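A short reminder: the numbers here are calculations on the coordinates, not readings from a lab. No experiment lies behind these values; they were computed from the predicted model shown. Here the Cβ positions follow ideal geometry from the backbone for every residue, glycine too, while neighbour counts run over all protein chains shown.
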Amino acid sequence: MSEQAEIGVIGGSGFYSFLDDVTEVTVETPYGPPSDSLFLGKTGGHTVAFLPRHGRGHHLPPHRINYRANMWALRSVGVRQIIAPCAVGGLKPEYGPGTLVVPDQLVDRTKHRRQSFYDGEPLPDGSIPDVLHITFADPYCETGRQASLRAARSHGWEAVDGGTMCVIEGPRFSTRAESRWHAAQGWDVVGMTGHPEAVLARELELCYSSLALVTDLDAGAEAGEGVSHEEVLRVFGENIERVRKVLFDAVRELPATEERGCCCSTALGGQHPGITLP
Ligand SMILES: [Zn+2]
């Protein structure tokens, strides 16, 4: 494949549509098709591969996204660092709509998602991945996190440094009881896509960090009707320009692939996983 990128952004056309010379690249993977083509464009001195997480036209709900294919496809074009914007609900009253959170922890409350490449199941080419158990104590790349925090600050947007993202299966939003329970655990925001993206990235030795925009106060933190999809889309739409600026400045701050010094780049600890990574 001739089209190569260094940085991946998992987010839709709102992030790349204004770039000049965007190249659409179709990637096949052993896990089936990713959510969409990759859209490659240049910004901040890096070539960036944008992948619409829910597909063009937003036809894939969170629980039907082929997360393994998405991460494999990004690695296939050369991506080694990913920044993943997403919409989340705030679990604390002070994290209202428009708050930007750069989480440093996550809790997996998903139910039916394939979340490992190394499960011993043969690939179509006959190769068999070993069963591996990777270290995941710190699920996000600290280099990526700091780049996003600095970028936000430079735009006068004081992002929340750290916090726990609870990832639910969806596609429905939480009940009030669930939401109150999540908040009582001390978790900060709730989303539907942050996992297994994070762990699959780590399994492929990719840097991954999240840029979580609060679009609503989840069902437990407010007394009103609860969250609606319209509300989420409206608030995300109102903030996408700001998020895009932060994202692009963060991309500019990321190191070159060969200069990565974080633990993500050696997550397999030199073990051969039994399959050839792209
Ligand atoms: Zn990293």
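Computed from label points 7 Å out along Cα-Cβ, the spacing between Ser127 and Ala177 is 4.7 nm.
Can you sort Thr164, Thr215 by how many other beta carbons sit within 10 Å, fewest first?
Values: Thr164 19, Thr215 26.
Ranking Thr164, Thr215 by Cβ neighbours within 10 Å, fewest first, gives Thr164, Thr215.
When each of Trp181, Trp72 is scored by the number of other beta-carbon atoms lying within 10 Å, the sequence from fewest to most is Trp181, Trp72.
Between Thr164, Leu149, Gly220, the Cα set farthest toward the positive side of the dipole of segment 7-266 (charges on each charged residue's Cβ, about the Cα centre) is that of Gly220. Entry note, the chain: the mean residue ellipticity at 222 nm calculated from DSSP H runs of n ≥ 4, each adding -39500 (n - 2.57), is -8000 deg cm²/dmol after division by the residues and rounding to the nearest 500. Hey, got the dipole for the chain? About the Cα centre, +1 on K and R Cβ, -1 on D and E Cβ, debye to the nearest 20? In debye, rounded to 20, the chain gives about 220. Considering only the chain, what is the antiparallel percent among its DSSP beta bridges, to the nearest 5? Restricted to the chain, the bridges split so that about 30 percent are antiparallel. Under a Gaussian network description of the chain, with springs only between Cα atoms under 10 Å, the residue in Glu24, Glu158, Glu94 that fluctuates furthest is Glu94. If you plug the beta carbon distance of Arg252 and Gln105 into 1/(1 + (r/R0)^6) with R0 = 25 Å, you get a FRET efficiency near 0.45. Among Val107, Val77, Val246, the residue with the largest mean-square fluctuation in a Gaussian network model of the chain, with springs joining Cα atoms closer than 10 Å, is Val107.
Charge tally around Arg53: other residues with Cβ under 9 Å, Lys/Arg +1 each, Asp/Glu -1 each, net -2.
Dipole of the chain computed with +1 at Lys/Arg Cβ and -1 at Asp/Glu Cβ about the Cα centre; of Gly274, Leu254, Ile82, farthest Cα towards the positive end is Ile82.
Using the Cβ-Cβ distance between Asp20 and Glu230 with R0 = 30 Å, the FRET efficiency computed as 1/(1 + (r/R0)^6) comes to roughly 0.35.
Taking the Cα centre of segment 167-235 as origin, sum charge times position over the Cβ atoms of Lys and Arg (+1) and Asp and Glu (-1), and report the length of that vector in debye to the nearest 20.
Values: 5 positive and 12 negative charges, 21 e Å.
My answer is approximately 100 debye.
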